[in-house]
Structures are given as structure tokens and as C-alpha cells.
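Visitor: For reference, the structure I am asking about is given below.
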Amino acid sequence: MWPSDANWCKVHRMVDQKELRESRPAHQQFGPPKSPIREFFEQGLITVIMALFLMTFIAQAVAVPTGSMQNTINIGDHLFVNKFIFGKPTPVLGRLLPTREIRRGDIIVFKLPSDPKINYVKRVIGLPGDTVQVKGHRVYINGQELPEERALVRLTQEPELPVVKVEPKPQGAWYRVYYDVDRYSDGDDFEVTPRAVYGVTEPAKVPADKYFVMGDSRDNSEDSRYWGFVPRENIFARALYVHLSFDPSANGLLNKGASIRWKRIGTAVK
């Protein structure tokens with residue numbers, strides 16, 4: 001029995017559709033093909049946008065030029081810092097990523113209140129509402145001594161200050177601070193620097209939305225004792241780890257490469 005004309009038409013349509021599907025490319029491109037220059041430009045634009053998003057909201061590299069945080073952070077260390085942990089609000093969507101409040105002991109990166117163009121790295125000591133007083137080599141928060149592990153060092157030009165002695169670690173202390181052995185005394189007797197006016201000669205109460213910060217190298221740090229409190233809006237990151245470290249006095253690319261401190265790379269900042 002031969003198929004009717006209607007069935008023949010149906011068979012021909014099925015064959016034509018099958019041939020069309022097999023001849024069509026898997027990823028059909030609509031419109032004129034892109035030139036290599038256009039593709040390069042589009043890929044470069046996407047890369048720039050992603051980099052700007054990363055540096056604005058998530059992470060950033062910060063160089064440390066001074067010794068105010070030795071031996072926690074050494075001169076020439078380059079830090080990788082977390083910018084979203086304390087919250088980076090956007091004009092329309094608010095905070096994009098999970099955040100937490102600033103805690104005592106955090107090592108933060110902030111803009112110097114007197115000159116916002118300068119970034120500082122210090123440790124948070126006093127929170128909003130705290131009363132802070134520095135007596136000799138002890139720090140008191142709301143009348144109670146802040147537990148800190150103290151080490152005596154010699155202030156030298158070396159990348160890492162030589163440790164002479166480490167005092168017994170108080171209960172609850174989880175970070176170490178460093179004092180000049182030549183200026184150290186066991187009691188509250190100490191030389192008061194005339195410029196250290198906040199929380200030194202008398203207790204200082206930390207205002208709302210501000211923080212009292214100090215460097216870990218206590219005899220080599222200009223911090224809240226000297227210039228006051230850090231506004232919350234000036235704080236933009238928390239230090240994470242050392243991603244690169246080299247001698248900043250080395251001249252030329254080859255000398256800088258030869259001075260890389262490999263043991264410092266990957267060191268957690270805490």
C-alpha cells in the first residue's frame with residue numbers, strides 16, 4: 001500500500017526539519033561576528049570592573065612603612081586586608097556582604113583623622129563607651145587591667161626587633177605587645193611624653209562611634225595616646241596576613257627581589 005499524498009508531505013516535512021537541525025551549528029551566532037579588538041576590549045572591561053569591585057568591597061593590599069606595630073607587623077610587610085568584614089555600604093543596596101562589629105584586639109586599617117589621605121594600621125584597645133587609662137606598661141579598661149602578653153625588645157634598625165625577655169602570659173591574653181627594654185619598669189613609674197595626652201595622665205572615655213587604638217610597639221608608636229580617637233567611618237578594613245615582605249630601603253627591582261623575606265609571606269596578622 002502506497003502512502004497517500006498527505007502522508008508523503010508529512011514525511012518530507014519531517015526529513016527537512018531533521019536536516020535543518022543537523023545543519024544548524026550548536027551555538028548559533030546572531031548578528032555580525034565580533035572583531036578581535038572588540039573581544040579584547042570587552043574582556044578587559046570585565047576584568048577592570050571585577051578588580052574595582054574586589055578592591056572596593058572585599059580586599060586590598062596595604063604596605064606598612066613604619067615600625068609602630070613591630071614585631072606583629074614589620075617594616076616592609078605588605079598586608080592583605082579584609083574590607084567587607086566591618087561593612088561597606090553601597091548607596092542603593094546597603095551592605096552587600098556579611099559583616100560583624102569591631103572587637104577589642106582587632107588590627108584595623110583606617111584613615112588618619114587629621115589627614116584622611118594617610119592609612120594607619122593599629123590595634124583596637126578601647127570601644128565606644130569604654131574608659132581607657134595607660135599606666136606605665138599596663139592598660140586599664142573601665143578600671144580593669146587589659147590582659148596583654150608583654151615582651152621586652154631592643155629598638156634597633158633590624159626588620160624584627162630582638163626579644164630580650166617575655167613576661168609570664170596573663171590569663172586571657174591572646175596577643176603580644178612590645179616595650180623598649182631600656183625604658184621598662186615593673187611598676188607604674190614611667191616617663192610621660194608631654195604630647196601623650198589621651199588616657200595617659202588621666203582616664204579618657206571613648207566617645208560614641210569612636211575607638212581608642214594603639215600600636216603593638218608601645219614605645220615606638222604614635223597612636224590614640226597622642227592624637228585621640230578614630231571615628232568609625234574612618235575604619236575600612238581588618239588586617240589578615242602578610243602576602244609580601246621585603247626591605248623597603250632596597251633600590252631597584254633586582255635588589256628588592258633579593259631582599260624578599262620568604263618566611264614572612266603567609267604570616268597571619270593577629
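The values are calculated or read from the model by the stated rules, or taken from the named source; none is laboratory data. Because the structure is a prediction, the values reported are computed rather than measured. No Cβ is skipped: glycine too gets one built from the backbone with ideal geometry, and neighbour counts run over all protein chains shown.
Visitor: Could we say that Val139 is over 30 Å from Ser259 (Cα atoms), out of contact with any Asp or Glu (no Cβ under 8 Å at 6 or more places or on another chain), outside any loop (DSSP other than H, G, I, E, B) and in contact (Cβ under 8 Å) with a residue 24 or more places away in the chain here?
Guide: no
Visitor: Turning to a different aspect of this structure: Checking the structure you have, find out if any residue of the stretch 203-217 is in contact with a helix residue (DSSP H, G or I) (Cβ under 6 Å, 6 or more places away or on another chain) and either small (Gly, Ala, Ser) or over 17 Å from Arg103 (Cβ atoms) (or both).
Guide: No, the stretch 203-217 has no match at all.
Visitor: Go through (1) closer than 24 Å to Pro116 by Cβ; (2) at pLDDT 90 or above one by one and return the number of the condition Val197 breaks.
Guide: Condition (2) is where Val197 drops out.
Visitor: Look through Asp219, Asp247, Asp223, Asp209 and report the one residue that is over 23 Å from the mean Cα position of the chain (by Cα) and either at pLDDT 95 or above or of a type outside the set (Phe, Trp, Tyr) (or both).
Guide: Asp219
Visitor: What pairs come out if I take residues in the stretch 200-211 that are surrounded by 14 or more Cβ atoms within 10 Å (Cβ to Cβ) and pair them with residues that are basic (Lys, Arg) whose C-beta lies under 7 Å away, six or more apart or interchain?
Guide: Val200/Arg225; Lys210/Arg232
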